[in-house]
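The structure's right below; bear with me while I get my questions together.
Any read-out appearing in this document is the output of simple, stated calculations on the displayed coordinates, not a laboratory observation. None of the values given here were measured: they were computed from a predicted structure. Glycine gets a Cβ as well: all are built from the backbone with ideal geometry, and neighbour counts include every protein chain shown.
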Amino acid sequence: MDAGLLEQMLLGALLGLSVYLPLRCGQLSLATPGFFAIGGTVAALLSTRVPALAGSGSTYPITSVLLEMALAALLTGVLALGLGRVVLRLRGIYLAIATIALVEILRVVTLNLEFTGGALGIFGIPQPFNSAAGYAAFTLALLALICWLCDRLEKTRPGRAMAAIRDDELAAASQGINTADTKLLAFVLSALVAGITGVVAAHFLNSWNAKLGNFDASITTLAFVVFGGSRTWLGPVFGGLLLTALPELLRPVGDLRLIVFGAVILVGPLFFPQGVITPELFKWFKPRIGGITTAAAQGVKQ
Amino acid sequence: MNLLQLEDVGVRFGGLRALQGVDLEVKQGEIFGLLGPNGAGKTTLFNVISGLTAPSSGTVRWRGASLAGLSSHRIARLGIARTFQNLRLFSSMSCLENVLVGMHQHARQPPLAALLQTQSFRRRESQLQQEALALLDLFQLEATAHQDAASLSYGDRRRLEMARALASRPQLLLLDEPAAGMNPSEKDELRELIRRIRDQFKLTVLIIEHHVPLMLGLCDRLAVLNFGQRIALGSPDQVRRDPAVIEAYLGGGT
């Protein structure tokens, strides 16, 4: 497979996880592309305007990328903390509308500010890797780390609290769960993931402009989660990988590809209303895989 | 001191007076019943105590301190747990997970230990699981521990709500129609069960129920509400003979 496509798929999976985190808490937030755009802009500005970060070698140092990621995380985290306090008072579709507005405000601001390059954006973002494969390896490690964090979150107390809020917010509050703070935590984590993903994307794409975080991106990233499923972190990862790859893999069918792509998005929820990856799927698989591993373990003992 | 005290509590929803001038005192360790016809304001009273509805007038005191302005999760953390009349389980979670969520405030662990799954983290987590299973066992739900709460029968769901409420280790348990949908033998078992958990967990129980024989046999004291007002208060015998109660339930004589 083309490493460039693989990199895009991995970025798609990361954005899927960003949409998934609030959704697992029952909050339909579409702010992900906004925080993604902030992360990208931070990376584009720092790496093109701050000579100290460029280092002495021929490639841009990875430590500088990590520093950009830390700064982007700090900025998006603080912003999400402040905004979340206000917008998370809204529920359901109203929260979705407020977060779409947030994405649009950021887009228009980026488009009209001088230092973000206006409509043209920022060009010539330096490259920390010489090949797309380098980016893919780096992003894969990042994705693995975030998947692991999501997995730990789901299996511990804050994850249980989030699932409880999704099922019944009022009953969750009656169990002593601080619902406002728990929803805020999910929203901030979502912003952090989107922000650091933006940093990687900016370097990979080499240029950055306001079009990268728009309403279309909100809907596409939401489709990752709706298609993949929002019950475990595997759902958005699967949805992000597949739905990013699909338009490219369908290139041979020519102009039909967008129609086929649309049909897949439509058919997915029709046959898998909970998304493709559900806990029931694990229950079906577990005895089979578990049986094989136990048998293997016994084989080793003998 | 009274565990729970309501002073002149009133709730208005627009022009509707759901509760009006209600005074109640619940003592430590008693099983206190709330009786009344449909729409009398019993559940509204529970909502006021648990912080879901703010009273329009009057004060609710917990161990002498006013609960005014506290959100429901803060009130739950003080030791007041409740069940819901129209069942509010976490339906996509297993019975065990439902009870674990009930333990929320006692299940706190250092985030780093949770991430790295340290030995002390795993020990504490399995201890919590054992505790949750013991609670399910008490309500005869051990066999369904790993089933989704949505798949349970109606009576089992009612029992699971009680198990979840007990998981927060409350001092006061509010039960909203726990016998609804149960058959006569289940109701008898429930009466024994409520007595047993009161003794075992040193609870005070405030209970709403329509089934009058169950209430007369179970409660130490009863209050009767009608049209948002307290019309009677006393021991089961006193309440049974109270003319105002007979009028509310059987209609006034001419």
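Please give the FRET efficiency for B:ASN86 paired with B:THR59, using the beta carbon to beta carbon distance and R0 = 35 Å, rounded to the nearest 0.05.
0.80
How high is the relative contact order of the stretch B:100-254? Use alpha-carbon pairs under 8 Å, at least six apart in sequence, and give a whole percent.
Across the stretch B:100-254, relative contact order equals 16 percent.
Restricting to the protein assembly as shown, what percent of DSSP beta bridges are antiparallel, rounded to 5?
About 55 percent, rounded to the nearest 5.
Using just the helices of chain A, give the 222 nm mean residue ellipticity in deg cm²/dmol: DSSP H runs with n ≥ 4 each add -39,500 (n - 2.57), and the total is spread over all residues, rounded to 500.
After summing the helix terms and dividing by residue count, I get -25000 deg cm²/dmol.
Right, something else. Count the DSSP beta bridges whose two residues both fall in chain B, then state the antiparallel fraction as a percent rounded to the nearest 5.
Around 55 percent of the beta bridges assigned by DSSP in chain B are antiparallel ones.
Using alpha carbon centroids, what distance separates the stretch B:161-229 and the stretch A:89-122, in Å?
53
Which trypsin sites (Lys or Arg not before Pro) does the stretch B:148-228 hold that lie in a coil by DSSP with at most 16 other beta carbons within 10 Å?
The qualifying sites are B:LYS202.
In peptide B:75-83, what is the residue-averaged number of other protein chain Cβ atoms found within 10 Å of each Cβ?
Mean shielding count: 3.
Select from B:MET215, B:MET93, B:MET103 the residue whose mean-square fluctuation is largest in a Gaussian network model of chain B (Cα-Cα springs shorter than 10 Å).
The residue with the greatest mean-square fluctuation here is B:MET93.
Right, something else. I want to make sure I understand the PRE zone here: with the label point 7 angstrom from the Cα of B:LEU16 toward its beta carbon, which residues in the stretch A:164-196 have backbone N atoms less than 13 Å away?
The answer is none.
Which number gives the lysine pairs in the protein assembly as shown that have C-alpha atoms under 18 Å apart and are eight or more places apart or on different chains?
Qualifying lysine pairs in the protein assembly as shown: 4.
OK, next. Excluding A:SER230 itself, what net charge comes from residues whose Cβ is under 11 Å from its Cβ, given Lys and Arg +1 and Asp and Glu -1?
Summing Lys and Arg as +1 and Asp and Glu as -1 gives +3.
Please rank A:ARG257, B:ARG122, A:ARG24, fewest neighbouring Cβ atoms within 10 Å first, as an exposure proxy.
B:ARG122, A:ARG257, A:ARG24
Report the one residue of A:GLY229, A:LEU111, A:ALA31 whose Cα lies farthest in the direction of the positive end of the charge dipole of chain A (charges on C-beta: Lys and Arg +1, Asp and Glu -1; origin at the Cα centre).
Checked the options; the winner is A:GLY229.
When a footprinting reagent is the concern and you count Cβ atoms within 10 Å, what order do A:SER58, A:SER18, B:SER94, B:SER235 take, fewest first?
Fewest-to-most Cβ neighbours within 10 Å comes out as A:SER58, B:SER235, B:SER94, A:SER18.
Work out, step by step, the length gained on full extension between B:ASP188 and B:LEU116: first 0.36 nm times the residue separation, then minus their alpha carbon distance; give nm to one decimal.
21.1 nm
Right, something else. Roughly speaking, what % of Cα-Cα pairs in the protein assembly as shown are separated by over 41 Å, rounded to a whole number?
37
Using just the Cα positions, wrap the stretch A:3-301 in a convex hull and report its mean projected area in square nanometres, one decimal place.
That works out to 19.1 nm².
Among A:TRP233, B:TRP62, A:TRP208, A:TRP148, what is the fewest-to-most ranking by other Cβ atoms within 10 Å?
With the sparsest Cβ surroundings first, the list reads A:TRP148, B:TRP62, A:TRP233, A:TRP208.
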